[in-house]
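Single-structure report; data block below.
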RNA sequence: GGGAGUAUAGCUCAGCUGGUUAGAGUGCCUGCAUCACACGCAGGAAGUCGCGGGUUCGAGUCCCUCUAUUCCCACCA
């Protein structure tokens, strides 16, 4: 079927229709097929609360390029899609929505809350998925998963019980990071530290029994003194040695607390004396454990001061600080205040300053899990691209602390642990527990907490393939091949998937982690909601088309590096799409009916061999680049071939042959169809929509470019000698054009050319090329010739003479014309 | 404090294991309505490859020092 193509490519006419065509053809679906080699990518599941942003667009584009390429190579290519329940983010959304109705979580209760959450998921959870489709993502939608679906829930329980039984999950009272806004614990990885301007308050604590003698402590958080249970000095500090064992009177609280010695204290920092607040500082908590100090929690869940704060109860942390400082000053305890910059931890979700909090939480013991994972990575079973990111991985995994996995949230996988009200022991089970495993009491209740979202994400590469069942899919597609993600997510997700895979599957979850950078705005700033500088990929798709967006994101992007996104770049990409479109139009307009498929003719002219040989090299290069994950280089080469080789040279050369007609024209048509048809396949992973649309219009066999074969390098098409010969002619043509431009001769003013050459290719084949591309009215080729008064252009292959009189006349005429027009302008 | 990245044309970036005269896009300048495309064509100007050393027949590329800049980790209250 041959279509009339519009002059300008309009993605809107093509994209949705084409995507539907693919869906209808079931091309994205991958089956277990022992005859094929599998290639698997699991998608980094976007949050159900999310909207497609540029980071997603980049991530999905890279994955789609890889999966489409492998599919065309004949692999059983599975791109497994899905979404993440995003516990904190989703719960926050529901709570917010309820607040508008005057409702609270506690008010409606757990069950009703979860009903609402699932309803919300049903309504909005699909939004991000439909946005992925707009990009052209060729995911196997039949296998779409959700981190909280039944299968994932089974996997989570299996893992939890398994690790608990191995002693790798435990419950303990620890100082954890608490977000007073989200009202839940968060893990170490979920705290972002930012340098903030603050103060260093020096406070005098009077020493008991030594009238007038003070111990000067320095702190950045004076309000926490309400929970002080000791002050500490270094055991070797001569200044304070005599005081260890004595007591100080805690100002404002008027309570005696001991002076202890602990090597945690740095003698050279501050005054060398530290107030110890086990409840509100993780280091102090450790000191407290060593010295058996009481823990006095002075704050509520929302970080307001509780009854332990005495008269300060009810104040916020900030109000309390002001009040405490004022009271210290009034009491004469405040020695001095100095400005101080220090790092303050904030919640990665909401940015609220976290509060250390001592509470009972569930933890994953990391060391025994990290070790075999690290060995596997060190052995090269999983490779990072670019390599340097393994350093980041190792740095984290080798220093990793136990992972706090319990969250005081309702939306998520509930912890499969039950407490006995009679014997107080814990029963952990995959099934609903109705009686205590230890004393058989039926007075049991389940832990109200849920698991960190990342606990279920960590299992994604195998939970999505059916684990814990040993499904055919799991056997065939696991381990997966490539994981594509940003460097910002290595700790949260990549590391945890690796140790989970090694632990539960006995094999790393993927062989390659392709790391990309951040997409920044045109000024190089991070795109953020607060700056309002985010660029909406859907708007870009709407204006320029998905192919232009994908091309932009794939170009000029080397692995691991950040990139800037600008309208200029998308514009250039859109222009490229249009260029391809018009080249196809030209070809379709000139293809006679007898050219039915893209096959080379028997006889190849010099320029045919040149372009075919160039194409052949392109196949090899693009494939090699893809194998090495150099997607940006691959797409650049395609661009160069299509625009420069194909459009600017080969199509131009064909024009004269088409006019001449006959055998030469027919052969040119065949070659042209060939060098358009095949590179389209190479380009398809990058620009799927336009390539499919043109491919459909070209005379071909097969129903979709998606299932056409990825081209392979063919040694028989390597015409290196002819390439070199033809390039000599090209150089000569360029030289003539160059000289004409210098002399301001417009293309419409044609001149006679005398070409003097010993070069056989130029001698026998050059004439039509010069006529068309060097704007010659007539071409005379000679082995030797002298011409008086001619402009001479000398190149490697030929000496070209342009009769002076013709050009001089033209030049004069031009000068006259330009004078006239400048007069007219005035 | 520890680690990593980046520095190449006005701007945004390529440049893989060292090898012709350092490339592209965009912007700029000149010319062009030539029958695929002005979202175009032809031509042009534009670079001390951050600085200084070193290795080499040969360095944008490898090594060292320094400078600027970005990021990650840790954290001393």
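The values are calculated or read from the model by the stated rules, or taken from the named source; none is laboratory data. Keep in mind the model is a prediction, meaning the values are calculated, not measured. We place every Cβ from the backbone using ideal geometry, glycine too, and count neighbours over all the protein chains shown.
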> Applying the selection to the stretch A:38-51, what residues are part of a loop (DSSP other than H, G, I, E, B) and within 15 Å of residue A:486 (Cβ to Cβ)?
Replying inline: A:43, A:44, A:45, A:46, A:50
> Do you know which of the residues in the stretch A:531-552 that are surrounded by 23 or more Cβ atoms within 10 Å (Cβ to Cβ) and within 12 Å of RNA strand B (Cβ to nearest atom) is nearest to residue A:12 (Cα to Cα)?
Replying inline: A:545
> In the stretch A:288-301, how many residues are assigned to a helix (DSSP H, G or I) and surrounded by fewer than 22 Cβ atoms within 10 Å (Cβ to Cβ)?
Replying inline: 3
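Of the residues A:251, A:258, A:282, only one is farther than 17 Å from residue A:222 by Cβ, over 43 Å from the mean Cα position of the chain (by Cα) and surrounded by 15 or more Cβ atoms within 10 Å (Cβ to Cβ); which?
Unique residue meeting the criteria: A:258.
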> Looking at the stretch A:208-218, is at least one residue within 13 Å of RNA strand B (Cβ to nearest atom) and either surrounded by fewer than 19 Cβ atoms within 10 Å (Cβ to Cβ) or assigned to a loop (DSSP other than H, G, I, E, B) (or both)?
Replying inline: yes
>> I'd like the full set of residues that are out of contact with any strand residue (DSSP E or B) (no Cβ under 9 Å at 6 or more places or on another chain) and either free of Cβ contacts under 8 Å to residues at least 12 places away in the same chain or crowded, with 21+ Cβ neighbours inside 10 Å (or both), limited to the stretch A:261-276.
In response: A:268
> With (1) out of contact with any helix residue (DSSP H, G or I) (no Cβ under 6 Å at 6 or more places or on another chain); (2) at pLDDT 95 or above; (3) assigned to a loop (DSSP other than H, G, I, E, B) as the list, and residue A:263 as the residue in question, which single condition is left unmet?
Replying inline: (2)
> Of the residues in the stretch A:762-779, how many are in a helix (DSSP H, G or I) and within 11 Å of RNA strand B (Cβ to nearest atom)?
Replying inline: 2
>> Residue under question is residue A:787, and the condition is that it be within 12 Å of residue A:729 (Cα to Cα) and modelled with pLDDT of 75 or more; does it hold?
In response: no
> Only one of (1) in a helix (DSSP H, G or I); (2) at pLDDT 95 or above; (3) within 30 Å of residue A:171 (Cα to Cα) fails for residue A:476. Which number is that?
Replying inline: (3)
>> Being at negative phi, surrounded by 15 or more Cβ atoms within 10 Å (Cβ to Cβ) and assigned to a helix (DSSP H, G or I) is true for just one of A:454, A:418. Which residue is that?
In response: A:454
>> Conditions first: (1) touching a helix residue (DSSP H, G or I) at 6+ places or on another chain (Cβ under 9 Å); (2) surrounded by fewer than 18 Cβ atoms within 10 Å (Cβ to Cβ); (3) in contact (Cβ under 8 Å) with a residue 24 or more places away in the chain. Residue A:575 passes all but one, so which condition is the exception?
In response: (3)
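For (1) closer than 16 Å to residue A:604 by Cβ; (2) modelled with pLDDT of 85 or more; (3) within 11 Å of RNA strand B (Cβ to nearest atom); (4) touching a helix residue (DSSP H, G or I) at 6+ places or on another chain (Cβ under 9 Å), each residue gets a yes or a no:
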position: A:722; (1), (2), (3), (4): yes, yes, no, yes
position: A:730; (1), (2), (3), (4): no, yes, yes, yes
position: A:735; (1), (2), (3), (4): no, yes, yes, no
position: A:748; (1), (2), (3), (4): no, no, yes, no
position: A:752; (1), (2), (3), (4): no, no, no, yes
position: A:760; (1), (2), (3), (4): no, no, no, yes
>> Of the residues A:86, A:117, A:76, A:97, only one is within 21 Å of the chain's Cα centre (by Cα) and over 27 Å from residue A:552 (Cβ atoms); which?
In response: A:86
> Are any residues in the stretch A:508-523 part of a loop (DSSP other than H, G, I, E, B) and more than 10 Å from RNA strand B (Cβ to nearest atom), and if so, which ones?
Replying inline: A:508, A:509, A:521
> Out of the residues in the stretch A:553-573 that are near RNA strand B (Cβ under 8 Å from one of its atoms) and assigned to a loop (DSSP other than H, G, I, E, B), which is modelled with the lowest pLDDT?
Replying inline: A:556
> Can you tell me which residues in the stretch A:736-760 are surrounded by fewer than 18 Cβ atoms within 10 Å (Cβ to Cβ) and part of a helix (DSSP H, G or I)?
Replying inline: A:737, A:738, A:739, A:741, A:742, A:760
> So which helices (runs of 4 or more DSSP H) are wholly in the stretch A:574-676 and hold at least 1 residues that are over 38 Å from the mean Cα position of the chain (by Cα) and more than 10 Å from RNA strand B (Cβ to nearest atom)?
Replying inline: A:606-627, A:652-660
> Restricting the search to the stretch A:356-375, which residues are more than 24 Å from the chain's Cα centre (by Cα) and not in a strand (DSSP E or B)?
Replying inline: A:365, A:366, A:367, A:368, A:369, A:370, A:371, A:372, A:375
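How about the stretch A:68-167: which helices (runs of 4 or more DSSP H) wholly inside it have at least 3 residues that are touching a residue at least 40 places away in the same chain (Cβ under 8 Å) and under 23 Å from residue A:451 (Cα atoms)?
Values: elements: A:87-100, A:105-124, A:127-135, A:150-165.
In the stretch A:68-167, the matching helices (runs of 4 or more DSSP H) lie at A:87-100, A:105-124, A:150-165.
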> Is it fair to say residue A:226 is in contact (Cβ under 8 Å) with a residue 12 or more places away in the chain, more than 8 Å from RNA strand B (Cβ to nearest atom), in a helix (DSSP H, G or I) and within 20 Å of residue A:328 (Cα to Cα)?
Replying inline: yes
